[in-house]
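Okay, structure first, notes after.
The values are calculated or read from the model by the stated rules, or taken from the named source; none is laboratory data. In this text, all values refer to a predicted model and were calculated from it rather than measured experimentally. All Cβ positions, glycine included, derive from the backbone under ideal geometry; neighbour counts span all protein chains shown. In case anyone asks, the SASA skips ligands and DNA or RNA and just uses the protein heavy atoms, side chains included. Shrake-Rupley method; radii C 1.70, N 1.55, O 1.52, S 1.80 Å.
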Amino acid sequence: MNAAHPAGSCPVEVTEAGLPGWLHPVAEAARSVQAGQLSSFLPPEDGGGRPSAVLVLFGEGEQGPQLLLIQRASSLRSHAGQPSFPGGSLDPEDGDPKGEGPLRAALREAEEETGLDPSGVQVFGILPSLYIPVSRFVVTPVLGWWRRPSPVDAVDPRETARVFTVSVRELTDPANRATAVHPAGHTGPAFLVGSALVWGFTAGVIDRLLHYAGWERPWDRERKVPLDWQA
């Protein structure tokens with residue numbers, strides 16, 4: 001289907017056509033999953049919050065299926081230093097936050113942060129919008145298939161410290177899984193992959209995608225990883 005789009009802009013097609021077989025469980029989950037199944041933090045009923053979007057981009061690498069992540073610069077005001085999906089706030093030119101806006105924002109932000117060519121990305125699904133209370137972001141995760149990979153790197157070091165990929169094999173390995181414990185007492189899923197500790201909103205979305213796609217393997221939920229005060 002084509003999402004509604006503002007005058008003068010190109011529509012963003014959302015289609016599952018031609019997806020590799022291994023992505024079918026993710027696409028199927030995206031069609032049926034409800035916001036409350038992904039997070040307990042839901043957008044304010046009064047419509048408040050800052051509309052934003054992230055690109056959950058699946059590709060294929062040397063270790064098989066993988067996800068594209070960035071590490072945010074340590075100088076940023078929100079979520080400094082955290083590994084995350086590419087993404088950010090909607091701009092007015094992105095269009096309607098209830099329509100095409102999140103799709104355009106996810107692709108635009110990914111290009112601005114990593115330099116990827118958005119024409120090589122096939123958007124195949126959209127997850128329900130979720131809420132990040134600490135920054136008041138209302139985030140729509142946009143699911144993409146990196147049909148034609150392009151070179152990526154940190155475009156602006158003031159915003160992005162690095163760009164990297166993590167294989168689904170690493171993410172599903174029980175040895176790389178733990179429960180993150182924030183100094184404020186909050187807990188949530190975490191992934192220790194390479195030199196990165198993926199936690200917070202990003203880890204929560206990955207955790208639920210692995211679960212509903214049927215990729216999750218049993219792991220020790222009693223294994224705790226404390227986050228330092230700077231987290």
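A compact table of results
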item	result
Counting DSSP beta bridges with both ends in the chain, the antiparallel % (nearest 5)	70
Three semi-axes of the equivalent ellipsoid, the range 107-194, Cα gyration tensor, whole Å, largest first	25, 18, 16
The range 157-231: chymotrypsin sites (Phe, Trp or Tyr not before Pro) falling in loop per DSSP and having at most 12 other Cβ within 10 Å	Trp229
Simple label model, 7 Å out from Cα along Cβ direction - Glu93 to Lys224, nm	4.9
Fully extended contour minus Cα-Cα distance, from Ala73 to Ala35, at 0.36 nm per residue	10.8 nm
P(r) histogram, all alpha-carbon pairs of the chain included - 10 Å bins from 0, percent	8, 34, 40, 16, 2, 0
Gain on full stretching of the segment that runs from Arg217 to Ser135 - 0.36 nm per residue minus C-alpha separation	26.4 nm
Helical contribution to [θ] at 222 nm, DSSP H n ≥ 4, -39,500 (n - 2.57), averaged over the chain, rounded to 500	-5500 deg cm²/dmol
Percent carbon-and-sulfur accessible area, the chain, ignoring ligands, DNA and RNA, probe 1.4 Å	51
Solvent accessible area, Å² - Glu159, 1.4 Å probe, full protein context	90
Among Ala154, Ala175, Ala53: highest mean-square fluctuation, GNM of the chain, C-alpha pairs under 10 Å	Ala175
Stretchable slack from Arg162 to His182, in nm (0.36 nm times residue separation minus alpha-carbon distance)	4.9 nm
